[in-house]
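The values are calculated or read from the model by the stated rules, or taken from the named source; none is laboratory data. Given the structure is predicted, the values throughout are model-derived calculations rather than measurements. With ideal geometry, Cβ positions are generated from the backbone for all residues, glycine too; neighbour counts draw on all protein chains shown.
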Amino acid sequence: MKKIIAISSKTLAILVILSVLFSSVVTFSAASPKLSKTKKTLIVGKSFTLTLKNATKKYTWTTSNKNVAKLISVKKNSVKIKGVKAGTATVTVKIGSKKLKCKITVKDKPQPAEEPAPAEQPTVKEYKVLSFYKQTAQYIEDSLNTYAAQGWVVKGVTSYVTFENKVSVIVILERDKIE
């Protein structure tokens, strides 16, 4: 039994020496702080939340231009940023002597697309042919004035004949069709 213990203690001693010789030192350090984003584009009036990860020390948030990007809500490890007007700003978080930055670009609200003008409907024309046979010029003029008041336009006169101060005329009138 002493022999087994002696071998075991020798084996154990060798194992200890080998583990010391071939062991590597592993050091664990806390992960360094970082931001959830390093750049962000916003639309005026919209906001987003920037998060600080792995922060163990006290920190402060600042913006380079509060007229462009405003810090509206600071919580435990995050800040809510709102786009105020078009431009650029840098949001910085200072942790001890270290500074982390996020570039914020704010753009104007997109203009709504204009609706296309409705397609013009083709104009439908209406025609009328008047025949005046042996009428006075005054009668024809009065008749045409009555039609003109209704939107008719003289497009042409196809014949003109005189008989003893009487006129025979064929007149073509046109107007946009009323529906």
Only listed residue being among the hydrophobic types (A, V, I, L, M, F, W, C) and touching a helix residue (DSSP H, G or I) at 6+ places or on another chain (Cβ under 8 Å), chosen from Val169, Val129, Val106:
Val169
Could you check Lys98 against (1) within 30 Å of Gly151 (Cα to Cα); (2) in contact (Cβ under 8 Å) with a residue 24 or more places away in the chain and say which number it fails?
(1)
Please work out which residue is nearest to Gly87 (Cα to Cα), limiting yourself to the stretch 25-60 and to residues that are in a loop (DSSP other than H, G, I, E, B) and modelled with pLDDT of 90 or more.
Val44
Provide a single number: the residues in the stretch 149-179 that are among the acidic types (Asp, Glu) and modelled with pLDDT of 85 or more.
1
Do we have Ile172 as touching a residue at least 24 places away in the same chain (Cβ under 8 Å) and in contact with a Lys or Arg (Cβ under 6 Å, 6 or more places away or on another chain) here?
yes
Contact list, first residue from the stretch 131-154 and farther than 12 Å from Val171 by Cβ, second anywhere and surrounded by 13 or more Cβ atoms within 10 Å (Cβ to Cβ) and among the basic types (Lys, Arg), beta-carbon distance below 6 Å, six or more apart or interchain, is Lys134/Lys166; Gly151/Arg175
From the list Val91, Val106, Val157, pick out the single residue that is out of contact with any His (no Cβ under 8 Å at 6 or more places or on another chain), surrounded by fewer than 16 Cβ atoms within 10 Å (Cβ to Cβ) and hydrophobic (A, V, I, L, M, F, W, C).
Val157
Collect the residues in the stretch 99-134 that are more than 24 Å from Gly45 (Cβ to Cβ), under 30 Å from the mean Cα position of the chain (by Cα) and aliphatic (A, V, I, L, M), keeping them in residue-number order.
Leu100, Ala117, Ala119
Tell me which of these Lys128 doesn't satisfy, since it passes every other one: (1) modelled with pLDDT under 85; (2) more than 30 Å from Asn54 (Cβ to Cβ).
(1)
